[in-house]
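**Q** Here it is, the structure, as structure tokens.
The values are calculated or read from the model by the stated rules, or taken from the named source; none is laboratory data. None of the values given here were measured: they were computed from a predicted structure. No Cβ is skipped: glycine too gets one built from the backbone with ideal geometry, and neighbour counts run over all protein chains shown.
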Amino acid sequence: MGTVDVANKDVTASLAEKKPKVVFVLGGPGSGKGTQCANIVEHFHYTHLSAGDLLRAEIKSGSENGTMIQNMIKEGKIVPSEVTIKLLQKAMLESGNDKFLIDGFPRNEENRAAFEAVTKIEPEFVLFFNCPEEEMERRLLSRNQGREDDNIETIRKRFKVFLESSIPVIEYYKAKGKVREIDAAKPVGEVFEAVKVVFTPKDEKVTA
Ligand SMILES: Nc1ncnc2c1ncn2[C@@H]1O[C@H](COP(=O)(O)OP(=O)(O)O)[C@@H](O)[C@H]1O
Ligand SMILES: Nc1ccn([C@@H]2O[C@H](COP(=O)(O)OP(=O)(O)O)[C@@H](O)[C@H]2O)c(=O)n1
Ligand SMILES: [Mg+2]
């Protein structure tokens with residue numbers, strides 16, 4: 001066993017000790033995951049970890065996996081979970097927090113099963129932003145963050161991957177009663193009102 005494996009075992013053990021609370025934030029590309037996570041962080045003091053942001057930072061850092069990650073993102077493909085899970089574990093440990101919004105992960109069955117097997121962490125619930133494709137396409141084409149995957153050709157590929165690989169993950173958690181579905185086609189403020197209801201503890205909810 002190499003030193004990298006040993007180091008990752010330490011990370012896994014330290015994380016397991018903390019028993020972190022995890023919410024998976026899922027939804028198609030452009031459904032508003034990042035936007036709403038920023039609001040949730042402000043109001044509910046979670047740490048936001050976007051799998052896509054972590055992968056993009058890994059490319060920028062000049063890591064040995066950088067070129068592979070960059071090529072997969074350009075093609076709208078899902079990076080092997082070994083890479084993404086290590087980045088998530090490291091970020092969780094470094095944050096010092098014990099409440100996380102994991103945005104854009106798990107995106108396929110391999111992501112889901114590997115995260116469960118490696119970390120033994122079961123999500124509290126899954127926040128699912130449901131949005132029609134036409135609206136997501138409009139938003140992505142005007143996102144203007146200079147992303148190499150926000151062009152119509154890659155967007156189409158990402159929608160296909162979402163339908164074929166990510167929807168089954170949402171269905172898996174639906175069968176476990178863990179999905180909190182939000183109508184994400186509405187304006188940002190209205191979507192957040194619905195999000196707040198999900199994050200507000202039941203005994204604090206005002207029943208008018
Ligand atoms: N409810 C909304 N209505 C209109 N535009 C939105 C809404 N939510 C997000 N956006 C915009 O759509 C684009 C994609 O949002 P983002 O939060 O990055 O989505 P995701 O992380 O799911 O891809 C951004 O430019 C964002 O400002
Ligand atoms: N779990 C993940 C998340 C993202 N990614 C890659 O990163 C890309 C961008 O993900 P993202 O979450 O930032 O994209 P949005 O849904 O926010 O538009 C995806 O299309 C994948 O290529 C991945 O491989 N595995
Ligand atoms: Mg995002």
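**Q** Take the residues in segment 94-143 that are surrounded by fewer than 16 Cβ atoms within 10 Å (Cβ to Cβ) and of a type in the set (A, V, I, L, M, F, W, C), then tell me which one is nearest to ligand 3 (Cβ to nearest atom).
**A** Here the residue is L141.
**Q** Continuing with the same structure: Hey, does segment 68-85 have a residue that's within 30 Å of E137 (Cβ to Cβ) and in contact with a Ser or Thr (Cβ under 6 Å, 6 or more places away or on another chain)?
**A** Yes, segment 68-85 contains at least one residue that is within 30 Å of E137 (Cβ to Cβ) and in contact with a Ser or Thr (Cβ under 6 Å, 6 or more places away or on another chain).
**Q** Specify the residue that is farthest from ligand 2 (Cβ to nearest atom); the eligible residues are those in segment 148-165 that are part of a loop (DSSP other than H, G, I, E, B) and surrounded by 15 or more Cβ atoms within 10 Å (Cβ to Cβ).
**A** Here the answer is D150.
**Q** State whether the residues of segment 135-150 include one that is modelled with pLDDT of 95 or more, of a type outside the set (D, E, K, R) and touching a Leu at 6+ places or on another chain (Cβ under 8 Å).
**A** no
**Q** Every residue in segment 182-194 that is of a type outside the set (V, I, T) and buried (at least 16 other Cβ atoms within 10 Å of the Cβ), please. Full working, then the answer.
**A** Of segment 182-194, the ones of a type outside the set (V, I, T) are 183-187, 189-190, 192-194.
If the condition is that a residue be of a type outside the set (V, I, T) and buried (at least 16 other Cβ atoms within 10 Å of the Cβ), then A184, A185, F192, A194 are the ones that fit.
**Q** Sticking with this structure for a sec: Kindly establish whether K33 is of a type outside the set (A, V, I, L, M, F, W, C) and surrounded by fewer than 17 Cβ atoms within 10 Å (Cβ to Cβ).
**A** Judged against the criteria, K33 is not a match.
**Q** When the residues of segment 1-53 are filtered to those that are modelled with pLDDT under 95 and among the hydrophobic types (A, V, I, L, M, F, W, C), which remaining residue is farthest from R180 (Cα to Cα)?
**A** Among those residues, the one meeting the criterion is M1.
**Q** When you go through T47, T35 one by one, which is the residue that is among the β-branched types (V, I, T), touching a Ser or Thr at 6+ places or on another chain (Cβ under 6 Å) and either more than 15 Å from ligand 3 (Cβ to nearest atom) or closer than 15 Å to R147 by Cβ (or both)?
**A** Answer to the check: T47.
**Q** From the list R112, R107, which one is under 30 Å from D183 (Cβ atoms), part of a loop (DSSP other than H, G, I, E, B) and either of a type outside the set (F, W, Y) or within 14 Å of the chain's Cα centre (by Cα) (or both)?
**A** Only one candidate passes the filter, namely R107.
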